[in-house]
1. Given points 7 Å out from each Cα along the Cα-Cβ axis, report the residue B:79 to residue A:468 separation in nanometres with one decimal.
2. About its Cα centre, what dipole magnitude does the protein assembly as shown give when the only charges are +1 on Lys and Arg Cβ and -1 on Asp and Glu Cβ, stated in debye to the nearest 20?
3. Relative to the longest principal axis of the C-alpha atoms of chain A, give the angle of the C-alpha long axis of helix A:94-118, reported between 0 and 90° and rounded to the nearest 10°.
4. Once the piece of chain linking residue A:626 and residue A:422 is laid out straight, how much longer is it, given 0.36 nm per residue of separation minus the C-alpha distance between them?
5. Carbon and sulfur atoms: what percent of the 1.4 Å accessible area of region B:19-118 do they account for?
6. When the helices in chain A are scored as -39500 (n - 2.57) per DSSP H run of 4 or longer and the sum is shared across all residues, what 222 nm value do you end up with, to the nearest 500 deg cm²/dmol?
7. Checking the table A:533/A:682; B:54/B:85; B:54/B:113; A:533/A:743 against a 21 Å threshold on Cα-Cα, which pairs fail?
8. Rounded to the nearest 0.05, what FRET efficiency do residue A:123 and residue A:410 have when you use their Cβ-Cβ distance and R0 = 30 Å?
Amino acid sequence: MAPIRRFVARLLAVIPSRSATRDLNREMAAHLALLEDELQRRGMTPEEAHREARLRFGGIDSAVESQRDARSFAWVENLIRDCRLATRTLVRTPVLTAIAVITLAIGIGANTAIFSIVNAVILRPLPYPHGDRLVAIWEAHRTRGRSPVAPANLVEYARGDQSLVGVEGYGLVTRTLTGFGTPEQIVGEAVTANMFTVRGIQPAMGRAFLQEEDQPGQDHVVILTDRFWRTRLGGDPEVLTRTLTLDGLPHSIVGVMPSSACACSTDFRASVDVAFLKPAAYSKAVLGNHGNHVVDAVGRLREGVTLAQAQAELDVIMGRLATEHPNELSEFAVVIGPLQSDLVRDVQSSLLILLGAVALVLLVACVNVANLLFARALNQQREIAVRRALGATRGRIIMEATIRSLLLSLLGGMAGLVLGVFVRNLLVSFAPVSTPRIQTVTLDGTVLAATGGLALMTGLFAGMLPAWSLSRNSTATALRAKSGAVTRSVVRWRAILMIAEVAAAIILATGAGLLIRSFNALSGVDLGFQTEKVLTFRVPLPAGRYPDARSRLTFFESLADRIGRQPGAEAIAFANRFPLLGGWGGNVSVQTPVGVIEAPEVGLQAVSPAYFSVLNVALIRGRLFSADDREGAMPVAVVNTAFARTYGNGRDPIGWQLTRGNPPVPSVTIVGIVNDIRRGGKTEALDPQVYFPAAQMTSYDGDGGTRLLDVAVKITGNPTSMVPVLRGEIAALDSNQAMTNVKTLDDVLSSSFADRQYQLGLMASFAIVAIGLAFIGVYGVVSYAMTQRAHEIGIRLALGATRRNLVLLLVGRGLAWALIGVTFGLVGALGLTRVMKSLLFQIEPTDLMTLLLAPAGVFFVVGLACYIPARRAARLDPLTVLRAD
Amino acid sequence: MTTRKTGKDPQTVELLQGTLDLIILRALETMGPQHAYGLAARIETVADHPLTLKQGSLYPALIRCEQKRWIKGTWQKTESNRDAKYYAITSSGRRALETQADSWRRLASLVEKLLVNEG
């Protein structure tokens, strides 16, 4: 019992108990009085007695102190006192504290922002049970690489069920929704009926799709997403009795998705607002075409099955399919990979590189704060020495420095968190829409823990380094030293910090430089067509009202006719897809004079005659399409120079014939050669292209990939004023018809750079912040060194040193450190920027120009940071300086 | 014993941890209730030297003993009519004194033996 009682008594004694202290003081006062009485009785004067009594009593304060040590946990009181002292020190130097906190906040905030994105996009598990067993499946061409899966093959993969629970195909579809006010275009996802099994979830309401509903004609059923159900149907509990009119046909609502999951396209990829899911219901034609790579596929591994086993099973299936369909599949392999990492494959490296970049920013920030605290610690040296001489232990002094660092961490961390959330919101709103799961970025426990840990680490590092380095000095040295005098160990540490800072800034500058160079290279690429003043939009004609290619052609021709009469429209063209907006491809057989050549995977587009003039694609030889190239006339085609070069073997292909399909469609004759274009954007190759007249679609494939969809108008005025006119013309033709994806080609083009611009913007900002911090840091260190050397400078000036030589002398050491930093930075940049290879375009990570300019730039800035204080110091009046001490 | 700490008067005795407790308990047992000054004066008389002990250093020991309930302090008037806190030994204090004195004697005789033999 006794130890417990004592413990409680001590614990209570921590609370500064005034009465106990007062009691003790009173007791000691009585003690002294009695002692004085006695001494006076022995013949001392009252003054002598007073003095002698205190002498015999010993230190009154140390008696109180030791009684308190005996009564309580001294360290708790010490802690409270140290906290108070630390707070006071921080408050006493508000500017320095503010700079330290802001610097830490910048570093921590940037890291919080990037990490919260990395956390949501890469680290957080998929919203499905055992999401680690979900695999992505794709088909890879021997030379062209990855493509989606052909539904015909998907069905076969799903049959090989030794290793996979199921294979789900999914893809986005758009439908016109009517019955909810004005007709509108909504996005849905077409999925195979096994989707709930594969994803491992249940509908929140209703049921999954039935196998028999996953067939053409039976598929007029939908499952709503939670969001659509709540926002558009008001969360109607009777929703399962209702129908949705899509493309003019009623669809029964058979279920509602759980709120945790949505469509694959939303859960996995960009923030598409998917409203409903419908059965994929692949048609017989689709299921008969093994070369039609159009759907995304996801599978679920059976328990205990490895990726390699599943891959082996799929390889066998693909092997069999390739023998059965050599034309379509001989060049293809099937590949599976873990879904989670597959989804982020495009953004993973760029995000991790950005995370590395902000870590470097944090390093620079941390070094700066350490340097600041070094300066303060130097000024405190004498104070600390006095305290040590008066009996403070080294532990107490380091403890106080630690607490001060922790307080800084706390302040820096909190400010960093606030800044981080702000920066994160900025980053999320500017993020390219292609970033998967970017909308799920939140401030969760992981992010908070990371921020806290980071704040603690940086604060402790920055605060402890000076305290540790200085507390090694002997008391005597410190007492003798001038306040703020610099010891050798301090000089060495500050040199190391400066070198680290310069090196980190150079690595960041090099990274940003490489991205800038890439971006320049990209801007210089010629697309082969013009995007200026071209407004595009999509008119998705529903199969219900426009059942065949002919009715669709009629619609588009009348639309073009009507719009062409508008004053703002200079030219108008329509096609299946315009460049940058997608496209279609396949294989054709070229009948050359020396025999038939198979041309696999060429671009195949159906275009109206004005296509080439709207996009300004130049004719090289032969002729373009005219209004007479219609059904009944000779079927014709135009190819590009890449096609002529690849398949012409030096001969002019005009007059040759093309066929495609099985059974083959009627031959079409090549009548012209046009300039090459980069269909997919600036990073794409100049691929062989074949253009067919939209009005002759029956001679090739009017119902498949070349289904007419896009319209492009070359406009003279501004696009926004043109849009209502266009909408009016569409409504005049068909009041139920929606118009979607209204964009200028320029906008499409710039959004195709969005991810590069984003990376470049971030990397450049980080580099600028790091260089700025490096400037401030070096400037601070050098200015401080100058005030330390003021005396020496005064003597040198008095002895006749020229100011010019003096500046050189003073700048010399800083520049020498900076040069070491440059060396380390270059080595680091060469090592680290290699990981950026995937982000670069036509630029090697070892790009000479960047590796010269970036370090030179940083060196210049750092040099300036050395020069300015040195020049100021050299202008001092020697007399003033020498008199000052 | 030439350590760093001995820059003091060679007459000053460095007390072993806990011995002051023993001294206080013993003094209170033989003298009856006593205030801190009385205790200090008593120790000085016994030691024949005024500077044996800084009088203030009694206080940690007094507080320690009071926390252990070995002694109990009450405010009373001295003969010279001053307020002073008088400490009296408690029954648990007497028991503690017995065991402490016992172990002290054993320790002292051991040290003594060692000093004689090794000397």
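1. 6.4 nm
2. With only Lys, Arg, Asp and Glu charged at Cβ, the dipole is about 5280 debye.
3. Its long axis makes an angle of about 30 degrees.
4. Working: separation 204, 0.36 × 204 = 73.44 nm, distance 5.65 nm.
Taking residue A:626 through residue A:422 to full extension adds about 67.8 nm, to one decimal.
5. Values: 3040 of 5620 Å².
The computed percentage sits at 54.
6. For chain A, the value works out to -18000 deg cm²/dmol.
7. Distance filter (> 21 Å) returns B:54/B:113.
8. 0.70
The values are calculated or read from the model by the stated rules, or taken from the named source; none is laboratory data. Keep in mind it's a predicted model, so treat the numbers as computed, not measured. Neighbour counts run over all protein chains shown; Cβ positions are idealised from the backbone, glycine included. We work out accessible area using only protein heavy atoms, side chains counted, and drop any ligands, DNA or RNA first. Shrake-Rupley method; radii C 1.70, N 1.55, O 1.52, S 1.80 Å.
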